[in-house]
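One structure is given below, encoded as structure tokens.
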Amino acid sequence: DDELESLKGEVRGPLQLSVVTTGKYFMPHLLGHFLQEHPGVEPHLKFTNRARVMERLMENRDDFVVMGQIPDDKRLVAYPFLENILGVVAPAGHPLADRRNLEIEEVLRERFITREPGSGTRLVLDRLLESRHLEVEPYMELGSSEAIKQAVLAGIGVAVLSLHAIRLEQATGKLSVLDVKGFPLRRRWYAVHLKGKRLSLVASTFLDFILSESHRVLDR
């Protein structure tokens, strides 16, 4: 059926994607806009942790996956499509919120909430600290950006989060992004698949869409 639709040039049929958990703050918006243009697409969207996304990627179980930290592996093809900005986030009214040019060492003395080891955000944080001969002793380790965001909102501590995850809370003044030297960290989101994989018409059309339209859709 996919071959027949491709011959007719119609973009319809299944679209199978796996996305790291933080992607839930932007992928549904991108997919929603895409489906307005291509209502015949049948999306299957799985949000899970980085280890599981990597497993599915290497087993070729999806059209492609979306992640922020890609391994150095020549078997993979990666397409950067969106900036991933990481900031140090604190609850509104935190004593450090009005300070400028904070040293990371001072922030690390706060109750620091992190993702579990192996997650993309934790990898970025650990590499940054390692480059400065520092390390974090987490006050709490939580399994998703949403759980960390809720903990910060509750006043439990501070954390490094993708700014995609806190757009609403930042806009409404519930969370503050601290002014810390070396931050924000600017990374990228990538669409990734195995080298040599032949994408379906649906998958290649959606890939083209996120490569060209992500910033327009999300900056609205």
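The values are calculated or read from the model by the stated rules, or taken from the named source; none is laboratory data. Computed from a predicted model, the values in this text were never measured in an experiment. Cβ coordinates were reconstructed from backbone atoms using ideal geometry, including for glycine residues, and neighbour counts include every protein chain displayed.
Residues in region 56-80 that are part of a strand (DSSP E or B) and aliphatic (A, V, I, L, M): Val65, Val66, Met67, Leu76, Val77, Ala78. Can you pull out the residues in region 150-175 that are buried (at least 16 other Cβ atoms within 10 Å of the Cβ) and within 14 Å of the chain's Cα centre (by Cα)? The answer is Val160, Leu161, Ser162, Leu163, His164, Ala165, Ile166.
Here's the yes/no breakdown for (1) more than 21 Å from Leu211 (Cβ to Cβ); (2) in a loop (DSSP other than H, G, I, E, B); (3) out of contact with any Asp or Glu (no Cβ under 7 Å at 6 or more places or on another chain):
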site	(1), (2), (3)
Arg52	yes, no, yes
Leu82	no, no, yes
Asp98	yes, yes, yes
Val124	yes, no, yes
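If the condition is being at pLDDT below 95 and outside any helix (DSSP H, G or I), then region 143-180 contributes Gly143, Ser144, Ser162.
The residues listed here are Ala151, Ala147, Ala165; of these, the one that is in contact with a Ser or Thr (Cβ under 6 Å, 6 or more places away or on another chain) and either hydrophobic (A, V, I, L, M, F, W, C) or under 13 Å from Ala90 (Cβ atoms) (or both) is Ala165. Restrict the check to region 124-131 and report whether at least one residue is of a type outside the set (D, E, K, R) and farther than 24 Å from Arg100 by Cβ. For region 124-131, residues of a type outside the set (D, E, K, R) and farther than 24 Å from Arg100 by Cβ: absent. For Leu30, are the conditions met, namely being surrounded by 20 or more Cβ atoms within 10 Å (Cβ to Cβ) and either of a type in the set (Gly, Ala, Ser) or in a helix (DSSP H, G or I) (or both)? Yes; evaluated as a whole, the condition is true for this residue. Does region 113-122 include one or more residues that are in a helix (DSSP H, G or I), without any contact (Cβ under 8 Å) to a residue 12 or more places away in the chain and not assigned by TED's automatic domain parsing to the domain that holds Ser204? Yes; the residues of region 113-122 include at least one that is in a helix (DSSP H, G or I), without any contact (Cβ under 8 Å) to a residue 12 or more places away in the chain and not assigned by TED's automatic domain parsing to the domain that holds Ser204. Scanning region 158-182 for residues that are in contact with a helix residue (DSSP H, G or I) (Cβ under 9 Å, 6 or more places away or on another chain) and either on the phi > 0 side of the Ramachandran plot or assigned by TED's automatic domain parsing to the domain that holds Ile70 (or both) returns a single hit, Gly182.
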